[in-house]
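J.: Below is the structure I would like to discuss, written out as structure tokens.
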Amino acid sequence: MVTPGGTTAEAPVSAWAPLKTAVYRNLWLALLAANVGTWMQTVGAQWLLIDERNASTLVALVQTASLLPVLLLALPAGALADTFDRRNLLISVQLFLVVVAVGLTLLTATGRMPPALLLTLTFAFGVGQALTLPAWAAVIPELVPREQLRAASALGSISVNVARAVGPAVAGVLISRAGVAPVFGLNAVAFGIFAVALVRWRPGNARAVEVPERFTAALRAGGRYVRHSPIVRRLLRRALVFLVPGSALWALLPLVANRRLGLNSSGYGMLLAALGVGAIVGGVLLPWVRTRLSANQFLLVAGVLYGAALIVVATVEVVPVVLVALLPAGLAWVVVLANVNAEMQIFLPGWVRARGLAVYQVVFAGGQAVGAFAWGLLADLAGLVDALIVAGVLMLIGSVTSQIWPLPELRGVNKDPATYWPRLRLAHEPDPRVGPVLVVVTYLVRRDREQAFLDAMDLVRGSRQRTGAMRWGLFREGEAPDRFVEVYLVPSWDEHLRQHGGRLTGADQEAEDRARRLAEGEPEVRHLLPAAAGPALADGGTP
């Protein structure tokens with residue numbers, strides 16, 4: 001199949017294909033229950049605050065309290081998920097969430113839930129979510145084939161948005177008939193279901209880490225990878241441009257329902273259900289959309305749809321019209337964010353996948369948390385209508401920038417693991433904690449190949465820095481102009497061993513092979529260790 005840009009695309013995978021895998025299907029259904037509980041909890045918390053003084057800010061702060069922990073803790077959570085057993089981590093966190101939900105239930109039922117305590121416990125709930133998200137996202141590629149990852153990502157969005165459609169509706173009925181406490185109680189049950197499903201899951205190929213990375217080293221390595229990966233940075237920037245104005249709708253919709261449309265909690269649930277239905281349709285249509293529009297075309301269309309929906313919600317007080325406008329907004333939300341999330345999962349190597357996805361979660365949650373707080377303040381200062389119109393205009397402007405900051409083309413990028421460096425043979429084996437380690441590689445390059453070599457080494461630089469190098473430089477010897485010396489500094493011997501044994505990909509190998517083909521003979525390699533570590537001279541192997 002040929003895409004609009006003239007490139008060949010793989011045949012579309014059914015949106016439901018991952019559900020044919022029993023393990024993924026069981027966990028997806030359990031996660032759906034947890035997502036329903038999460039949306040019920042969000043509606044309950046927001047409705048408890050709707051009559052408080054400064055309700056605009058307090059209601060928006062519910063979203064901020066839920067998402068701020070992701071902003072603060074996603075990176076440590078990603079390092080934990082890449083370092084330790086993800087299943088055990090997920091089980092422990094779900095049990096913690098059950099305890100928090102039970103606490104919310106009991107305190108609300110006994111009338112001991114002031115706004116400050118509600119926001120504190122909402123923050124605690126967000127802590128559990130922050131620890132869950134990177135681990136779960138990193139598990140998905142272990143459950144389904146690579147060609148189904150986009151469909152699995154869309155199913156994840158469908159799960160969230162089925163929950164967004166069902167959870168608020170159920171919460172609205174319960175709140176109107178029995179109060180908020182039963183809503184929090186059902187949330188506890190929902191996360192208990194997810195915990196049980198995780199306990200019953202027995203991974204056939206459990207991920208084994210022979211020597212787990214130290215936590216701080218793993219954290220720094222994840223940050224280094226993202227910092228030196230232009231593709232990851234572009235994906236994150238694209239998500240942020242959509243999220244900041246998009247968060248206005250989620251943050252201010254309770255106030256639209258109550259103040260402009262005169263709806264009760266059930267009516268608010270109906271508005272969220274409309275967003276959810278649109279999002280479900282978006283998840284189902286995502287494979288179809290990808291075959292008919294280029295990535296940047298559907299970014300433009302989705303941004304225009306969402307921006308128009310924001311303006312309609314701001315200016316129209318007719319409930320059916322607002323409901324219709326919310327359907328394409330939900331569709332656009334999923335089409336953009338599910339695609340960016342899937343591209344991240346496909347692109348990131350396994351060794352750093354949870355940490356890279358954690359950075360995505362930071363951007364996702366941070367964009368919404370900061371955006372929700374800002375839109376809430378703007379609504380208090382300038383009015384609800386003006387805040388939504390400003391958000392709509394920003395979304396329309398942001399959609400145009402998809403032509404300036406387009407999504408990268410990832411077809412043909414080889415991210416499969418590649419172990420192509422020969423085994424190191426030193427005069428003695430250093431302690432893994434020894435460092436920093438200076439690696440020196442000398443190349444002999446003919447004058448007519450210099451520029452091509454320099455261009456090739458720029459790609460090598462990115463590879464070195466993503467996989468462990470703190471600093472990198474390429475120098476020419478003054479006494480022998482045809483000799484180029486690559487020098488890079490790795491934090492420890494352990495980090496360099498990990499470069500040898502699991503961090504490199506097919507794309508890294510292609511970049512290095514290109515540079516080596518432009519040099520004469522094999523490069524000379526030396527490893528320089530701190531003097532206190534003793535003599536450590538390499539015998540001419542590959543770095």
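J.: Can you name the number of the only condition in (1) farther than 18 Å from Gly222 by Cβ; (2) touching a Pro at 6+ places or on another chain (Cβ under 9 Å); (3) modelled with pLDDT under 90 that Glu522 fails?
T.: Result: Glu522 passes all but (2).
J.: Tell me the residue from Val312, Val370 that is under 19 Å from Arg259 (Cα atoms), buried (at least 17 other Cβ atoms within 10 Å of the Cβ) and out of contact with any Phe, Trp or Tyr (no Cβ under 6 Å at 6 or more places or on another chain), please. Full working, then the answer.
T.: Numbers: Val370 fails: under 19 Å from Arg259 (Cα atoms).
Val312 is the lone residue from the list that is under 19 Å from Arg259 (Cα atoms), buried (at least 17 other Cβ atoms within 10 Å of the Cβ) and out of contact with any Phe, Trp or Tyr (no Cβ under 6 Å at 6 or more places or on another chain).
J.: Here is a check on your reading of the model: is Thr120 surrounded by fewer than 24 Cβ atoms within 10 Å (Cβ to Cβ) and either within 16 Å of Thr38 (Cβ to Cβ) or at pLDDT 85 or above (or both)?
T.: On the way: surrounded by fewer than 24 Cβ atoms within 10 Å (Cβ to Cβ): yes; either within 16 Å of Thr38 (Cβ to Cβ) or at pLDDT 85 or above (or both): yes.
Judged against the criteria, Thr120 is a match.
J.: Here is a further query. Listed residues Thr83, Thr122, Thr105; which is touching a helix residue (DSSP H, G or I) at 6+ places or on another chain (Cβ under 8 Å) and within 23 Å of Pro203 (Cα to Cα)?
T.: One residue alone meets the criteria, Thr83.
J.: Have a look at Gly267, Gly276, Gly350 and point out the one that is at negative phi and crowded, with 21+ Cβ neighbours inside 10 Å. Talk me through it step by step, then tell me what you get.
T.: Working: Gly267 fails: crowded, with 21+ Cβ neighbours inside 10 Å; Gly350 fails: crowded, with 21+ Cβ neighbours inside 10 Å.
From the options Gly267, Gly276, Gly350, the qualifying one is Gly276.
J.: Additional query: Test Arg503 against the criterion of being in contact with a helix residue (DSSP H, G or I) (Cβ under 6 Å, 6 or more places away or on another chain) and either in contact (Cβ under 8 Å) with a residue 40 or more places away in the chain or small (Gly, Ala, Ser) (or both), and give yes or no.
T.: Numbers: in contact with a helix residue (DSSP H, G or I) (Cβ under 6 Å, 6 or more places away or on another chain): yes; either in contact (Cβ under 8 Å) with a residue 40 or more places away in the chain or small (Gly, Ala, Ser) (or both): yes.
Answer is yes for this residue.
J.: On the given criteria, is Leu95 crowded, with 22+ Cβ neighbours inside 10 Å, touching a helix residue (DSSP H, G or I) at 6+ places or on another chain (Cβ under 8 Å) and either more than 23 Å from Arg353 (Cβ to Cβ) or not aromatic (Phe, Trp, Tyr) (or both)? Steps first, answer last, please.
T.: On the way: crowded, with 22+ Cβ neighbours inside 10 Å: no; touching a helix residue (DSSP H, G or I) at 6+ places or on another chain (Cβ under 8 Å): yes; either more than 23 Å from Arg353 (Cβ to Cβ) or not aromatic (Phe, Trp, Tyr) (or both): yes.
No: the conditions fail for Leu95.
J.: So, one more: Which condition from (1) of a type outside the set (S, T, N, Q); (2) in contact with a strand residue (DSSP E or B) (Cβ under 9 Å, 6 or more places away or on another chain); (3) modelled with pLDDT of 85 or more is the one that Ile397 breaks?
T.: (2)
J.: Quick one: would you say Ala79 is closer than 23 Å to Val170 by Cβ, touching a residue at least 12 places away in the same chain (Cβ under 8 Å) and surrounded by 21 or more Cβ atoms within 10 Å (Cβ to Cβ)?
T.: no
J.: Give me the strands (runs of 3 or more DSSP E) completely within the range 423-517, filtered to those with at least 1 residues that are crowded, with 21+ Cβ neighbours inside 10 Å, ordered by residue number. Steps first, answer last, please.
T.: Values: elements: 437-444, 471-476, 483-490.
Per the criteria, 437-444, 483-490.
J.: Please specify each residue of the range 276-292 satisfying the condition of being closer than 12 Å to Ala163 by Cα and more than 20 Å from the chain's Cα centre (by Cα). Working first, answer last.
T.: Filtering the range 276-292 for residues closer than 12 Å to Ala163 by Cα gives 276-277, 279-280.
Correct list: Gly276, Val277.
J.: Please go through the range 6-63 and pick out each residue that is out of contact with any Pro (no Cβ under 9 Å at 6 or more places or on another chain), of a type in the set (D, E, K, R) and at pLDDT 80 or above.
T.: Hit for the range 6-63 is Lys20, nothing else.
J.: I need the full set of residues from the range 314-355 which are over 17 Å from Leu396 (Cα atoms) and either free of Cβ contacts under 8 Å to residues at least 60 places away in the same chain or among the polar types (S, T, N, Q) (or both), in order please.
T.: Hits for the range 314-355 are Val316, Glu317, Val318, Val319, Pro320, Val321, Leu323, Val324, Leu327, Asn339, Asn341, Gln345.
The values are calculated or read from the model by the stated rules, or taken from the named source; none is laboratory data. This one's a predicted model, so the numbers in the text were calculated from it and none came from an experiment. A quick note on method: Cβ atoms are made from the backbone with ideal geometry, for glycine too, and the neighbour counts reach across all protein chains shown.
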